[in-house]
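Heads up, the thing below is written out as structure tokens.
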Amino acid sequence: MTRIAGERSGIGGVLGGMSVGEVMMRWPEDVGAAWLTGSGEGERGRWTILGIPTGGVEREDPMRVLDGVGCRGSLGGAGDGVFDGGWIGWVGYEVGERIEATVRAGGGGPLDDRGWGACRLVRCDAALVHDGLTGAWRCAGDAALCGAVIERVMRGGAHAGRFGVGRMRSVTGRARYERDVARVIGLIHAGDAFQVNLAHRLSGRFEGSARGAFVHLMERVRPWYGALIEDVRADGTLAGCVCSASPELFLRVDGRSGRVETRPMKGTRGAGCDPEELRRSEKDRAELAMIVDLMRNDLGRVCGYGSVRVEQAQAVEAHHGARGGVWQGVATVSGVVREGVSHGELMRAAFPPGSVTGAPKVRAMQLIREMEPVTRGAYCGAIGFVSDGGDAAWSVGIRTAQMRFDAGSTVADARGTIDYSVGAGIVADSEPGKEWRETLTKAAAFRAAMREGSGR
């Protein structure tokens with residue numbers, strides 16, 4: 001039987017040995033999902049945090065929240081770098097255009113057809129936390145809130161979780177995407193940029209349970225950094241949600257030491273390929289090296305002199321679930337933030353993530369704004385948490401679906417649109433056809449999981 005740790009929570013209750021998925025499917029429908037999930041495998045996929053919202057929501061200015069928390073927190077952190085009460089949610093890619101005002105200098109820009117706003121950060125004074133390595137549950141933050149939710153989870157029935165996803169089509173289309181890639185290649189050869197991450201959006205219809213779709217996706221893909229952030233209307237109906245299965249760490253901060261780590265990814269191959277192909281690829285190594293330099297410079301704005309270093313220039317990691325997956329090229333860069341630096345200052349220095357913009361960052365963002373037909377929203381933004389004690393962890397919002405639901409939708413029965421965007425890093429020796437195929441490789445595991453789960 002799995003016990004909730006009494007040492008920090010003051011609660012010795014039990015969840016009856018339930019798995020993370022079982023707890024999610026029993027989660028009260030009137031308690032919005034602010035969930036961050038790990039694969040349960042290894043140190044990086046170890047933790048799952050099921051936040052309990054307590055009323056405060058920030059939608060328009062994430063810095064209002066982040067400027068109020070120091071990266072070296074006076075509370076000393078939770079002791080394990082996970083979560084001890086704070087804010088959970090996402091910061092949208094377009095916030096980067098506010099940080100770098102010159103990106104919008106030319107006017108125009110993509111269509112904001114979904115109206116996501118700048119962010120959704122949900123105040124959570126408590127959370128149920130699951131350790132995937134030990135199987136133990138515990139409460140973080142307000143013990144009474146945790147206890148009330150646990151009681152309802154224990155006595156409630158599991159909800160059916162049925163869902164259906166219609167055929168998803170690219171808003172941009174292959175012909176336009178390949179033309180834009182060719183144009184970017186020409187600009188790179190002309191010296192206008194070194195790398196540009198160009199994306200396109202797949203869209204279709206969704207009906208049923210978003211929570212059911214998320215649990216199904218997590219079981220099949222097993223991402224290191226999963227997330228479900230629901231957007232609840234004032235009348236209690238479900239307006240939409242962000243559903244992420246990201247493999248990529250944007251920023252992790254230890255609130256005691258001020259150490260910050262980022263792990264940019266560049267280079268993708270399908271699970272059936274030889275990983276040595278990715279390791280030997282000069283193109284992929286060059287892409288990753290550019291972003292490593294960019295992230296070193298970004299961290300250097302807020303870190304102590306001489307503390308920023310490249311811990312690993314390139315590794316090839318398996319991100320494979322029960323239904324396929326990918327090999328990813330990844331690097332690790334770290335530093336130690338200076339005394340007095342807030343999470344808002346760190347976010348301004350590094351956002352948006354360099355792996356989803358390109359280099360130089362500002363010019364790449366200008367070209368993305370010029371070429372992509374619709375705004376990105378949470379896609380290519382940051383998804384995660386910041387604790388009151390200074391600990392934080394943000395993933396890069398890739399492998400991320402955004403759902404916008406019709407009026408009257410509920411947790412159990414929602415209807416609306418599902419969007420899933422995918423991109424590729426374009427460099428001088430890119431080939432348009434190959435870049436298009438790489439984007440579809442990145443979408444394959446998600447699309448397969450949605451097909452498999454639909455109508456079950």
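Miscellaneous remarks
- Applying 0.36 nm per residue to the separation of Lys283 and Val362 and subtracting their alpha-carbon distance, the gain on full extension is 26.2 nm.
- Placing dummy labels 7 Å off each Cα toward the beta-carbon, the span from Arg179 to Asn297 is 3.2 nm.
- 3J(HN,Hα) couplings calculated from phi for the stretch 61-67 with the Karplus curve 6.51 cos²θ - 1.76 cosθ + 1.60 (θ = phi - 60°) are, in sequence order, 9, x, 5, 4, 7, 6, 5 Hz; Gly and Pro show x.
- Relative to the longest principal axis of the Cα atoms of the chain, the long axis of helix 143-155 makes an angle of roughly 80 degrees.
- Dipole moment magnitude, nearest 20 debye, the stretch 125-272 about Cα centre, only Lys, Arg, Asp, Glu C-beta charged: 660
- Using the average count of surrounding beta-carbon atoms within 10 Å as a protection proxy, the listed peptides 371-382, 297-308, 336-347 rank, highest first, as 371-382, 336-347, 297-308.
- Fully extending the segment from Asp235 to Asp413, taken as 0.36 nm per residue of separation minus the present Cα-Cα distance, adds 62.5 nm.
- The chain: angle of helix 282-300 to the longest principal axis, Cα-based, in degrees nearest 10: 60
- For the stretch 277-397: rounded, prolate or oblate by the Cα gyration tensor [a/c cutoff 1.5]: rounded
- Amide proton proximity set for Phe163, modelled H, under 5 Å, gap of 5+: Ser209, Gly455, Arg456
- The distance from the alpha carbon centre of the stretch 380-399 to that of the stretch 302-316 is 19 Å, rounded to a whole number.
- For the chain, the longest principal axis of the alpha carbon atoms and the long axis of helix 432-453 meet at an angle near 20°.
- Descending by average beta-carbon neighbour count within 10 Å, the peptides 129-135, 100-106 line up as 129-135, 100-106, the highest first.
- Debye, to nearest 20: dipole size of the chain, +1 on Lys, Arg Cβ, -1 on Asp, Glu Cβ: 800
- Sequence-separation-based contact order of the chain, relative, with Cα cut under 8 Å and 6+ spacing, percent: 26
- Relative contact order [Cα under 8 Å, 6+ residues apart], the stretch 375-456, whole percent: 20
- A simple spin-label model places the labels of Arg44 and Ser307 2.3 nm from each other, with each point 7 Å out along Cα-to-Cβ.
- Take the Cβ atoms of Asp30 and Asp192, set R0 to 60 Å, and the FRET efficiency comes out at 0.70.
- Alpha-carbon centroids, the stretch 155-180 and the stretch 216-245: separation in whole Å: 13
- Dipole orientation for the chain: of the candidates Gly340, Pro28, Val356, Val356 has the Cα lying most toward the positive pole (charges on Cβ; Lys, Arg +1; Asp, Glu -1).
- Solvent exposure, largest accessible area first (probe 1.4 Å, DNA, RNA and ligands not counted), of Lys283, Lys434: Lys434, Lys283
- Computed label-point distance, nm, for sites Thr54 and Arg451 using a 7 Å Cα→Cβ extension: 4.5
- Carbon and sulfur %, accessible surface of the chain computed with the full protein complex present, 1.4 Å: 48
- Förster radius 45 Å - calculated FRET efficiency between Arg152 and Arg98, Cβ distance, rounded to 0.05: 0.70
- Residue-normalised accessible area of the stretch 52-210, expressed per residue, 1.4 Å probe, Å²: 42
- Considering only alpha-carbon pairs that sit under 8 angstrom and 6 or more positions apart, the relative contact order computed for the stretch 156-228 is 49 percent.
- For the stretch 376-382, Karplus couplings with θ = phi - 60° (6.51, -1.76, 1.60), whole Hz, Gly/Pro x: 8, x, 5, 4, 6, x, 10
- Isolated cysteines of the chain, defined as having no other cysteine beta carbon under 4.7 Å away, are Cys71, Cys119, Cys124, Cys241, Cys243, Cys273, Cys303, Cys380.
- Prolate is the label for the stretch 414-455, because the ratio a/c of its alpha-carbon gyration tensor axes (a ≥ b ≥ c) is 1.5 or higher and a/b is greater than b/c.
- Lysine-lysine proximity count for the chain, Cα under 13 Å, sequence distance 8 or more or distinct chains: 4
- Per residue solvent-accessible surface (Å²) - the stretch 405-456, probe of 1.4 Å: 39
The values are calculated or read from the model by the stated rules, or taken from the named source; none is laboratory data. For clarity, every value in this text was computed on a predicted model and none was experimentally measured. Cβ: placed from backbone, ideal geometry, glycine included. Neighbour counts: every protein chain shown. With ligands, DNA and RNA removed, areas are computed over all heavy atoms of the protein, side chains included. Shrake-Rupley method; radii C 1.70, N 1.55, O 1.52, S 1.80 Å.
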